[in-house]
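Laboratory data are not the source of any read-out in this text; all were calculated from the coordinates shown. This is a predicted model, so every value here is computed, not measured. Note that each Cβ is placed from the backbone with ideal geometry, even for glycine, and that neighbours are counted across all protein chains shown.
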Amino acid sequence: MSLNIRLVVNGTRHRAKIEPALSLLDFLRDTLGYKGVKICCNTGECGACTILFDGKPVNSCVVLAADAAGAEVVTVEGLAEGDRLHPVQQAFIDTGAVQCGYCTPGFIISVKALLDRTRNPTAEEIEEAVSGNICRCTGYTKIVDAIQIAARQLQGPTGLTSKARS
Amino acid sequence: MDYFEPKTLREAVSLLARYGEKAKVIAGGTDVLVDMKFKEEPLCLVNIKRIPGMSYIREEKGSLRIGALTPIREIETSPLVRQKLPLLWESAHQFASLQIRNTATIGGNVCRASPSGETLAPLLVLEASAIARFSKGEKKLPFTELFLGPGKTLLGAKGLLREIEVPLPSKESRGTYLKHAVRGAMDIAMVGVAVLVTPDGGGKKARDVRIGLGAVAPTPIRAKRAEKALRGKTMARALVEEAARIAASESSPISDQRSSAEYRRWIVETLTRRGLEQSWKAVTGKEVDG
Ligand SMILES: Cc1cc2nc3c(=O)[nH]c(=O)nc-3n(C[C@H](O)[C@H](O)[C@H](O)COP(=O)(O)OP(=O)(O)OC[C@H]3O[C@@H](n4cnc5c(N)ncnc54)[C@H](O)[C@@H]3O)c2cc1C
Ligand code: FES
Ligand code: FES
């Protein structure tokens, strides 16, 4: 038995015929070719497969592809504008928060979601936002640096002064 | 595998009646999808996510009513839950990662009936009820009777959880949820303890004490004998310590890869004592003394 679904990925409309047991992760990678979504534990533990589902970060390996019918999905491929990287991507590069890079797309999506929620995250909010993402290379310090730099970048100069005044 | 996306509760329960044990309900899917990948696919999957109006938190006649499809993250970010049911809030806050909290539903947590299910000990202590739909009608199943064993509830193969009804605890009461896990919230609880304490008017005696234990028996349990030892008594240190020891003796933990049974019992004792002390201090402003 198969079913037809339509969804939007990174602003592009897709329509596909899928098996009902298919995970959203396998659908995005293998059916649609978004290889920026990484597969690692396949059980919701590591965060490598994190995507935005209607704006919220989820592990695509534990979501049914069928549930994405009618949804808007954003993967790491959807963040850059042409050649200009998203500030979160740029900050990861600038601070050296990337080593092997396997965890990076998942982290970047979690951080994008965090900075969509707040431009001024506390240390606690940063920790909460990425506690579902595991990195076996960097030791996390540079990732936290990258998040702070990206947050400052997104605040812009006015954001900072208004914060200083308040 | 047959697959259905029922649009109404009636349609969903009639599918369950038709397929019986062959059917598997899927909500958020954080448990079911993992089972499908690493154990086996069911013969029939009933995806209830498209039934409208099953995700809500509302206050009604002295209770909070929570729709079965409400994500854990909605519970964590609900000001109503934070204010009226801090005990449940705490368990939602300590529940896995943000990604999982966005996907996992409270109904799935309850129906999974894992002894370590984060929200179960708090809901047991809050004396919640499950509002379940069967093809013949609706039943209200108190949490104290709901759980039959790991993965088994009174819903059986044919019942669908529609709502969780949580009576608001007395305004003078205070609750604490303590989770013990190696990797904090991300990890499955080795032990979870929920405590709710209501002092009497004088602030010396405990009018009511409820203790719920998770992950240390085939189902989440109430430590009834420990509760009894404290009810109506002056909250003195020796008595609180004694009650914590009784709670540990009421648990029947297993040894597994997370810890030994003996260690779990030690943790039950420690967390029960700590939960009682913290709740007492929060509600009376005083330490449990002498
Ligand atoms: C990485 C990871 C970390 C986790 N961490 C935790 C944790 O810290 N604490 C914790 O408690 N759990 C944890 N879990 C387990 C899981 O996320 C929870 O049990 C979750 O609440 C299940 O909800 P769901 O909506 O995803 O359920 P599903 O997987 O859709 O369903 C779970 C079970 O409930 C049944 N079911 C669901 N809804 C209904 C309904 N309305 N009526 C009848 N039956 C129903 C299903 O048939 C199934 O048996 C974790 C899981 C993963 C993958
Ligand atoms: S691959 Fe999905 S969380 Fe690890
Ligand atoms: S950079 Fe290698 S896992 Fe994170």
Evaluation of A:Gly70 against (1) among the small types (Gly, Ala, Ser); (2) surrounded by fewer than 17 Cβ atoms within 10 Å (Cβ to Cβ); (3) under 25 Å from B:Asp187 (Cβ atoms); (4) within 14 Å of chain B (Cβ to nearest Cβ) (one fails), failing number: (3)
Count of residues meeting criterion [within 16 Å of ligand 1 (Cβ to nearest atom), charged (D, E, K, R) and exposed (fewer than 15 other Cβ atoms within 10 Å of the Cβ)] in segment B:157-213: 1
Selection count where residues are within 14 Å of chain A (Cβ to nearest Cβ) and surrounded by fewer than 23 Cβ atoms within 10 Å (Cβ to Cβ), scope segment B:103-127: 1
Test result for B:Ile72, surrounded by 24 or more Cβ atoms within 10 Å (Cβ to Cβ), aliphatic (A, V, I, L, M), touching a residue at least 40 places away in the same chain (Cβ under 8 Å) and within 14 Å of chain A (Cβ to nearest Cβ): yes
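Conditions tested, residue by residue: (1) among the β-branched types (Val, Ile, Thr); (2) away from chain B (no Cβ under 14 Å); (3) surrounded by 15 or more Cβ atoms within 10 Å (Cβ to Cβ); (4) away from ligand 1 (no atom under 16 Å from the Cβ).
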site	(1), (2), (3), (4)
A:Gly82	no, yes, no, yes
A:His86	no, yes, yes, yes
A:Ile93	yes, yes, no, yes
A:Val98	yes, yes, yes, yes
A:Tyr102	no, yes, yes, yes
A:Gly106	no, no, yes, no
A:Val111	yes, no, yes, yes
A:Leu115	no, no, yes, yes
A:Thr118	yes, no, no, yes
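Could you list, in sequence order, all residues of segment B:102-113 that are free of Cβ contacts under 8 Å to residues at least 40 places away in the same chain and touching a strand residue (DSSP E or B) at 6+ places or on another chain (Cβ under 9 Å)?
Kept after step one, since they are free of Cβ contacts under 8 Å to residues at least 40 places away in the same chain, are these residues of segment B:102-113: B:102, B:109.
The one that is free of Cβ contacts under 8 Å to residues at least 40 places away in the same chain and touching a strand residue (DSSP E or B) at 6+ places or on another chain (Cβ under 9 Å): B:Asn102.
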All strands (runs of 3 or more DSSP E) inside segment A:1-106 with 2 or more residues being under 17 Å from the mean Cα position of the chain (by Cα) and farther than 21 Å from B:Arg101 by Cα: A:3-9
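What about B:Glu145, is it of a type in the set (D, E, K, R), over 14 Å from the mean Cα position of the chain (by Cα) and surrounded by fewer than 21 Cβ atoms within 10 Å (Cβ to Cβ)?
Considered against the rule, which asks whether it is of a type in the set (D, E, K, R), over 14 Å from the mean Cα position of the chain (by Cα) and surrounded by fewer than 21 Cβ atoms within 10 Å (Cβ to Cβ), B:Glu145 comes out as no.
Here is a check on your reading of the model: is A:Gly11 within 13 Å of chain B (Cβ to nearest Cβ) and within 23 Å of A:Leu114 (Cα to Cα)?
no
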Which numbered condition B:Gln99 misses (of (1) without any contact (Cβ under 8 Å) to a residue 24 or more places away in the chain; (2) facing chain A (nearest Cβ under 9 Å); (3) surrounded by 22 or more Cβ atoms within 10 Å (Cβ to Cβ); (4) closer than 26 Å to B:Pro218 by Cα): (4)
Some residue of segment B:269-281 being β-branched (Val, Ile, Thr) and free of Cβ contacts under 8 Å to residues at least 12 places away in the same chain: no
Residue list for segment A:33-54, filter: of a type outside the set (A, V, I, L, M, F, W, C) and either touching a Pro at 6+ places or on another chain (Cβ under 7 Å) or within 10 Å of another protein chain (Cβ to nearest Cβ) (or both): A:Gly36, A:Lys38, A:Asn42, A:Thr43, A:Gly44, A:Glu45, A:Gly47, A:Thr50, A:Asp54
The listed residue being outside any helix (DSSP H, G or I), touching a residue at least 24 places away in the same chain (Cβ under 8 Å) and on the phi > 0 side of the Ramachandran plot, out of B:Gly203, B:Gly212: B:Gly203
Count of residues meeting criterion [within 16 Å of ligand 2 (Cβ to nearest atom) and either within 14 Å of another protein chain (Cβ to nearest Cβ) or in a helix (DSSP H, G or I) (or both)] in segment A:133-155: 3
Positions within segment A:15-67 being within 9 Å of ligand 2 (Cβ to nearest atom), within 24 Å of B:Ala23 (Cβ to Cβ) and surrounded by fewer than 22 Cβ atoms within 10 Å (Cβ to Cβ), in sequence order: A:Thr43
